[in-house]
1. Considering only residues that are touching a His at 6+ places or on another chain (Cβ under 9 Å) and surrounded by 17 or more Cβ atoms within 10 Å (Cβ to Cβ), which ones fall in the stretch 93-105?
2. For the stretch 49-97, how many residues are closer than 20 Å to Y25 by Cα, in a helix (DSSP H, G or I) and of a type outside the set (F, W, Y)?
3. Take R90 and tell me if it is modelled with pLDDT of 95 or more, open to solvent by 20 Å² or more (accessible area, probe 1.4 Å) and at negative phi.
4. Residues of the stretch 33-48 being out of contact with any Leu (no Cβ under 8 Å at 6 or more places or on another chain) and either assigned to a helix (DSSP H, G or I) or more than 20 Å from K91 (Cα to Cα) (or both), which ones?
5. Just to be sure I understand, how many residues within the stretch 46-81 are touching a residue at least 12 places away in the same chain (Cβ under 8 Å) and surrounded by 10 or more Cβ atoms within 10 Å (Cβ to Cβ)?
6. Quick check on this structure: which one of L73, L39 is closer than 18 Å to L125 by Cα and modelled with pLDDT of 95 or more?
Amino acid sequence: MPSDRTRTAGPRPARPGSSDGAAAYRAFVEAVNMSPGELERWLRTPESKQAGQHSAAGGESVGHASGRRIVDLLRSKREALSDDDYAHMRKVVGYVHRHLAQRPDGDVTDTRWRYSLMNWGHDPLKG
C-alpha cells in the first residue's frame, strides 16, 4: 500500500469485474431513468441545449456533454466499460443525488432544474 504521501486523492477506480464496479453500475442504472433513445431525443431539444452551465465562450454545457456520454454508456456492453467509464457513472450518480436534494417548490415541469437533471439522464417526473 502506498504511503500517505504518495496516495492520490479520491476513490480508487472500480475494475469492471470488481464489487466496486458492480456497485457503480447498479447505482448508475438506478439514477439514470431515461432510455438511450429518450435521452438522445431530449438532447436534441433547445431546452436541453440551454440548460446547465456554459463556459464564457458559450459552447456545450457540461451536462449536455455528459448526456451524450451517458447514451454511449447505456448502449455499451458491461465488459467493454473502462475505469474512466465507471468514474463517469459515479459522477452521474453524485450529480443526480445532489440535484434531487435541491428540488424547488412547486411545479417543476418546465424548469431549468428538471432540464439540467434530464441532461444527466434523470427525469424527475418519471415514476
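1. Restricting attention to the stretch 93-105, the residues satisfying the condition of being touching a His at 6+ places or on another chain (Cβ under 9 Å) are 95-96, 99-100.
Listed by number, the residues that qualify are Y95, V96, H99.
2. Residues of the stretch 49-97 that are closer than 20 Å to Y25 by Cα, as a first pass: 63, 65-97.
Keeping just the survivors that are in a helix (DSSP H, G or I) gives 63, 65-75, 78-80, 83-97.
Checking which are of a type outside the set (F, W, Y) leaves us with 63, 65-75, 78-80, 83-85, 87-94, 96-97.
Residues meeting the conditions: 28.
3. Numbers: modelled with pLDDT of 95 or more: yes; open to solvent by 20 Å² or more (accessible area, probe 1.4 Å): yes; at negative phi: yes.
Yes: the conditions hold for R90.
4. Let us first name the residues in the stretch 33-48 that are out of contact with any Leu (no Cβ under 8 Å at 6 or more places or on another chain), namely 33-34, 37-38, 40-48.
Answer for the stretch 33-48, where residues must be out of contact with any Leu (no Cβ under 8 Å at 6 or more places or on another chain) and either assigned to a helix (DSSP H, G or I) or more than 20 Å from K91 (Cα to Cα) (or both): G37, E38, E40, R41, W42, L43, R44, T45, P46, E47, S48.
5. First, the residues of the stretch 46-81 that are touching a residue at least 12 places away in the same chain (Cβ under 8 Å): 47-52, 61, 63-64, 66-71, 73-75, 78-79, 81.
Applying the additional criterion that residues be surrounded by 10 or more Cβ atoms within 10 Å (Cβ to Cβ) yields 47-52, 61, 63-64, 66-71, 73-75, 78, 81.
Number satisfying all stated conditions: 20.
6. Values: L73 fails: closer than 18 Å to L125 by Cα.
Exactly one residue qualifies, and that residue is L39.
The values are calculated or read from the model by the stated rules, or taken from the named source; none is laboratory data. If you're wondering where the values come from, they're calculated on a predicted model, not measured in any experiment. Every residue, glycine among them, receives a Cβ derived from its backbone with ideal geometry; neighbour counts consider all protein chains shown. Accessible surface is based on the protein model in full, side chains and every heavy atom, while ligands, DNA and RNA are left aside. Shrake-Rupley method; radii C 1.70, N 1.55, O 1.52, S 1.80 Å.
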